[in-house]
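Take a look at the structure below.
The values are calculated or read from the model by the stated rules, or taken from the named source; none is laboratory data. Predicted model, so just to flag it, every value in this text is computed and none were measured. All Cβ positions, even for glycine, are placed from backbone atoms using ideal geometry, and neighbour counts span all protein chains on display.
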Amino acid sequence: MILPAPIIAVFTIVMMLQYSMTLITLISVFIYAVVIYILMKKGTPLSLSIQPKMDRITVTLREFFTGVNMIRAFNNQDYEEKRTNQTFEKYAAQMIRVNRVFAWVTPIAFLLMGIVYSAILWFGGSLVSEGTLQIGTVTAIVEYSMLTLAYLMTAAMVLVVVPKSMSSLRRIEEVLNQPIEIIDPENPSTASLNMDDEHVLSFEHVSFSYTKDSEPVLEDIHFKVPKGKTTAIVGGTGSGKSTIAKLLLRLNDVTSGQITLGGQPLQQLTQEMIRSKISYVPQKAFLFSGTILSNLQMGNEHATEEELTSAIRISQLEEVLDKLPKKLANFVAQGGDNYSGGQKQRMCIARALIKPADIYVFDDSFSALDYKTDAKLRTALHEEMADKTLIIVAQRLSTIMNADHIIVLDNGRIVGQGTHETLLATCLSYQKFAKSQGILKEGNI
């Protein structure tokens, strides 16, 4: 009622003063409405195409700032400048087309206001000269007509913004309407998880593909994880090691087969229940902006000083903290960009160790550590967490040689299981890994 009510009131007053004079304003309102309709019909599709181009600018700039060192290393500044300029030029060209369409709104409004003003004075002056209308009445009609057109012009200004807003709204709706991939069961299992069982976790003939039409990443994966032991998963790049870790956390659902945790199928458990039992160190170390302490407390915000000290000691984070002026209160930039890869990995490991869990998963999380730190960390894990269930995903065999059970993956399939010594004697793929890393010499098989 904010816009219609004043317009209705104005027309009522004008019609009371002089009915015939109202036709001039009515005709101008009709013409203006038709013009706005034509402009909206032409300009709306153009406005809707603006947002994707704005998204492209955001992506291009993010890539530029994230990869600025790589651009400099390859002396690729000219190409990136050209690519960025092209992105901005496409956006600018589209914005110019949109603004050219909607630029007609204000001039046409003022043109109609001028025509209406002149017409009322012309016809009103004639009526005044004939003695059928008073000058005060003409003045009132002019003022009310201008007020009506001013409201319409304001409405048109708002309508110009609507297509741009609708474009953004549609983008938001696309995100909100995306189907949830992982859904908790309607009636989750109420049985308690038996984490004291001999095998706390099992993969039972599990296969997985990211989409229905894509090739399977994992095929017929079958193994059990014993309680209180260290299970290692090794394989080449793209063999599916990290996918197993994600399936375990139920970040994805299996295509076929079944994963059980504490004797219960994962799909019968809530995600909160699953992740409360598992602590995870991601393949790519990631820290949140804040302090080192705030990042560690993500694992357990109520962690005691003793628990913090223990996690810091095991993860070999002490060496890093000793060199920092504010220790745990030291600042962490977004993504931890003000720390090296090895430092970030140690912080992520400490964060995971602080969390009280039954299973600890390390997804290739020692890769950025030097050999000395790696060896000290493995020794500390073996001594301090001997009774914990550990799953270590790795490419570096020195990291997992002492594991109780090693699973070897090749192209999404298990090609060997056993201890380090057993696999050296029986698994060809493991032998190749050992040779490539200097653990096994030629002729020692």
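Just one residue in the set V160, V206 is surrounded by 15 or more Cβ atoms within 10 Å (Cβ to Cβ), assigned to a strand (DSSP E or B) and either aliphatic (A, V, I, L, M) or at pLDDT 75 or above (or both); that residue is V206. For beta carbons closer than 6 Å, sequence separation of 6+ or different chains, a first residue in segment 68-93 that is within 23 Å of D337 (Cβ to Cβ) and a second that is of a type in the set (D, E, K, R) and surrounded by 11 or more Cβ atoms within 10 Å (Cβ to Cβ), the qualifying pairs are I71/E80. Residue under question is T389, and the condition is that it be modelled with pLDDT of 85 or more, closer than 22 Å to D220 by Cβ and β-branched (V, I, T); does it hold? The answer is no for T389.
Can you confirm whether V128 is surrounded by 15 or more Cβ atoms within 10 Å (Cβ to Cβ), over 36 Å from the mean Cα position of the chain (by Cα) and free of Cβ contacts under 8 Å to residues at least 60 places away in the same chain? Outline the logic, then answer.
Working: surrounded by 15 or more Cβ atoms within 10 Å (Cβ to Cβ): yes; over 36 Å from the mean Cα position of the chain (by Cα): yes; free of Cβ contacts under 8 Å to residues at least 60 places away in the same chain: yes.
It is true that V128 is surrounded by 15 or more Cβ atoms within 10 Å (Cβ to Cβ), over 36 Å from the mean Cα position of the chain (by Cα) and free of Cβ contacts under 8 Å to residues at least 60 places away in the same chain.
Restricted to segment 313-419, the set of helices (runs of 4 or more DSSP H) holding at least 2 residues that are basic (K, R), surrounded by fewer than 17 Cβ atoms within 10 Å (Cβ to Cβ) and in the same structural domain as K224 (by TED's automatic domain parsing) comprises 371-384. Figure legend. Inter-residue proximity from segment 408-427: first residues free of Cβ contacts under 8 Å to residues at least 40 places away in the same chain, second residues surrounded by 16 or more Cβ atoms within 10 Å (Cβ to Cβ) and assigned to a loop (DSSP other than H, G, I, E, B), beta-carbon distance below 6 Å, spacing 6+ or different chains. Indicated pairs: G416/C427; H420/M401. Mind listing whichever residues of segment 231-283 are small (G, A, S), outside any strand (DSSP E or B) and surrounded by fewer than 17 Cβ atoms within 10 Å (Cβ to Cβ)? Answer for segment 231-283, where residues must be small (G, A, S), outside any strand (DSSP E or B) and surrounded by fewer than 17 Cβ atoms within 10 Å (Cβ to Cβ): G236, G238, G263, S276.
Within segment 367-383, identify whether any single residue is at pLDDT 90 or above and not hydrophobic (A, V, I, L, M, F, W, C), and answer yes or no.
Let us first name the residues in segment 367-383 that are at pLDDT 90 or above, namely none.
No, that holds for no residue.
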